[in-house]
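*Asks:* If you scroll down you'll find the structure; I have some questions about it.
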Amino acid sequence: MAISTLGILGLAAGSNMQAILDASGEGRLRAKIAVVFSDNPDA
């Protein structure tokens, strides 16, 4: 199975992005994060 390339559009606290990163790091999601856009300047 191929690895997907993802772009993340993040809003607010980023909890969904963290869940995606965790799943990818643990091997539960075969994906790499290519780009992240966020409305949070501290992200």
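The values are calculated or read from the model by the stated rules, or taken from the named source; none is laboratory data. Because the structure is a prediction, the values reported are computed rather than measured.
*Asks:* Any chance you could count how many residues in the stretch 10-43 are at pLDDT 90 or above and part of a loop (DSSP other than H, G, I, E, B)?
*Replies:* Summing the residues that are at pLDDT 90 or above and part of a loop (DSSP other than H, G, I, E, B) in the stretch 10-43 gives 5.
*Asks:* Is it the case that residue 7 is of a type in the set (Gly, Ala, Ser), under 10 Å from the mean Cα position of the chain (by Cα) and not in a helix (DSSP H, G or I)? Steps first, answer last, please.
*Replies:* Working: of a type in the set (Gly, Ala, Ser): yes; under 10 Å from the mean Cα position of the chain (by Cα): yes; not in a helix (DSSP H, G or I): yes.
Judged against the criteria, residue 7 is a match.
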